[in-house]
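Below you'll find the structure, written out as structure tokens, and then a few comments.
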Amino acid sequence: MNSQDYIAIEEHYGAHNYHPLDVVIERAEGVWVYDVEGNKYLDFLSAYSAVNQGHCHPRIVKVLIEQAGKVALTSRAFRNTQLPLLEKELCELTGYPMMLPMNSGTEAVETALKAARKWGYTVKGVEADQAEIIACGDNFHGRTITIVSMSTEPQYRFGFGPFPPGFKTIPYGDARALADAITPNTVAFLVEPIQGEGGVHVPPEGYLKQAAEICRKNNVLLIADEIQTGLGRAGKLFAHHWDGIRADVVIVGKALSGGMYPVSAVLSDREVLGVFEPGDHGSTFGGNPLACAVARESIRVLVEENLFQRSAELGDYFKGRLQRIESDKVKEVRGRGLLIGVELKPEAGGARRYCEALQERGLLCKDTRENVIRFAPPLVVTKEELDWALGHIEDVLSNGW
């Protein structure tokens, strides 16, 4: 079958909850993907940062196959050999004494919210059912009804109410707004160190440090959603490390599995994750041996191939080159590491048409928030591959299609 055959089947049988570019990918390796006609594309989205290590990294594939041949799932009713080792290795890497494994990023966010609320009641002493959690405008933390109750994007909310109470939303990057929003019932502030889906927004210098000080002063947990920005994407282990702080709770996912299998986790101190007792929370697949084996190797690849520093260095180079492009269509270039957003002026006609033009040239990227092109190649990308991409990006932004 050709691409149009696959597209027609998907359009007929699949719910239309996505609007993908019309490229049908059949296989992938490193930073390159190939469609069913054999056309080659440079992947500049990395499955929303899930494949920081590159597609089908041979070390991760090898571990996946080996573990799948031993045991894939035990449920948490029994113990397995891989979960304890992932718990130890991830905690040692990040400096947190405790972790709780889940599958999707959304599940990990929900886990962090539940932990924060129970901590608020059992440790901070908030009155029952009065806990408040503060989030930021233009956030993206997932798609559950609980999480979209915090969203300021009308489409994410339309048709899904009523929404659960207990959430406040403040402007992103405004430390004063955070301080003003806190009450004695506030248990946590949930924030993305860089807003990816919101348009690759980098907060003002020192904002997260201010937020951490405000939270500490008011006995409020600072929860950093590092699902997209963590594990090297922003040029450090975690993006909030750019502000020299340690979040009370960190949520990780996506690249934790190298894109091979859904794995996520919540990291925190014992005072926070220790509030859970058997039966409070769980997941049939969370912490399964296949996922844990894959995550362990994914972490080793990130560290041993020095991908954090590589992201920082290549990201500076890539962003600098983008900022030098002379185009009357570009409003701003922003980002950290290899998470870069190019915001177009409203009169440019929307970002999707530019993504489609780049697709025609063999470069895959994605629009977000209508006017922003998001560039996020796997961290194994080379300078030469970036230069190849930059030539096409500059041509499209400067000269059109």
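The values are calculated or read from the model by the stated rules, or taken from the named source; none is laboratory data. Values in this document were obtained by computation on a predicted structure and should not be read as measured data. No Cβ is skipped: glycine too gets one built from the backbone with ideal geometry, and neighbour counts run over all protein chains shown.
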Out of all the residues in the stretch 202-222, is one or more among the hydroxyl-bearing types (Ser, Thr, Tyr), under 21 Å from Glu370 (Cβ atoms), in the same structural domain as Ser298 (by TED's automatic domain parsing) and not in a loop (DSSP other than H, G, I, E, B)? no
Given the options Ala116, Ala68, Ala77, name the one that is surrounded by 20 or more Cβ atoms within 10 Å (Cβ to Cβ), of a type outside the set (Asp, Glu) and not assigned by TED's automatic domain parsing to the domain that holds Arg352. Ala116
Condition set closer than 13 Å to Phe189 by Cβ and touching a His at 6+ places or on another chain (Cβ under 8 Å), scope the stretch 126-170, selection modelled with the lowest pLDDT: answer is Met150
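Looking for something of a type outside the set (A, V, I, L, M) and under 27 Å from Gly196 (Cβ atoms) - is there at least one such residue anywhere in the stretch 58-72?
Taking the stretch 58-72 first, the residues of a type outside the set (A, V, I, L, M) are 58-59, 62, 66-67, 69-70.
Subsequent filtering for residues that are under 27 Å from Gly196 (Cβ atoms) retains 59.
The answer is yes, given that some residue of the stretch 58-72 is of a type outside the set (A, V, I, L, M) and under 27 Å from Gly196 (Cβ atoms).
Which residues, counting only those in the stretch 389-401, are of a type outside the set (Asp, Glu) and surrounded by 15 or more Cβ atoms within 10 Å (Cβ to Cβ)? Please lay out each step first, then the result.
Kept after step one, since they are of a type outside the set (Asp, Glu), are these residues of the stretch 389-401: 389-393, 396-401.
Once the filter is applied, which keeps residues that are of a type outside the set (Asp, Glu) and surrounded by 15 or more Cβ atoms within 10 Å (Cβ to Cβ), the stretch 389-401 yields Ala389, Leu390, His392, Ile393, Val396, Leu397.
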Looking at (1) assigned to a loop (DSSP other than H, G, I, E, B); (2) of a type in the set (A, V, I, L, M); (3) within 17 Å of Leu93 (Cβ to Cβ), can you tell me which one Val294 breaks? (1)
Checking Ile60 against (1) touching a Gly at 6+ places or on another chain (Cβ under 6 Å); (2) closer than 23 Å to Glu305 by Cα; (3) surrounded by fewer than 20 Cβ atoms within 10 Å (Cβ to Cβ), which test does it fail? (3)
With respect to Ile223, determine if the residue is in contact (Cβ under 8 Å) with a residue 60 or more places away in the chain and touching a Leu at 6+ places or on another chain (Cβ under 9 Å). yes
Does Met1 satisfy the criteria of being among the aliphatic types (A, V, I, L, M), in contact with a Lys or Arg (Cβ under 6 Å, 6 or more places away or on another chain) and either surrounded by fewer than 17 Cβ atoms within 10 Å (Cβ to Cβ) or at pLDDT below 95 (or both)? no
Picking from Leu42, Leu21, the residue that is touching a residue at least 12 places away in the same chain (Cβ under 8 Å), touching a Cys at 6+ places or on another chain (Cβ under 7 Å), outside any helix (DSSP H, G or I) and under 19 Å from Arg374 (Cβ atoms) would be Leu21
Given the conditions (1) in a helix (DSSP H, G or I); (2) surrounded by 19 or more Cβ atoms within 10 Å (Cβ to Cβ); (3) of a type in the set (Val, Ile, Thr), and given that Val51 satisfies all but one, which numbered condition is not satisfied? (1)
Which of (1) of a type outside the set (D, E, K, R); (2) farther than 28 Å from Glu153 by Cα; (3) without any contact (Cβ under 8 Å) to a residue 12 or more places away in the chain does Gly349 not meet, given it meets every other one? (2)
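Could you say which residue among Leu344, Leu358 is buried (at least 21 other Cβ atoms within 10 Å of the Cβ) and under 30 Å from Pro58 (Cα atoms)?
Answer to the selection: Leu358.
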Give the stretch 168-222 a look and list any residue that's in contact with a Phe, Trp or Tyr (Cβ under 8 Å, 6 or more places away or on another chain), among the small types (Gly, Ala, Ser) and over 21 Å from Ser151 (Cβ atoms), or say none. Ala175
If you scan the stretch 270-292, which residues turn out to be surrounded by 23 or more Cβ atoms within 10 Å (Cβ to Cβ) and within 21 Å of the chain's Cα centre (by Cα)? Gly286, Gly287, Ala291, Cys292
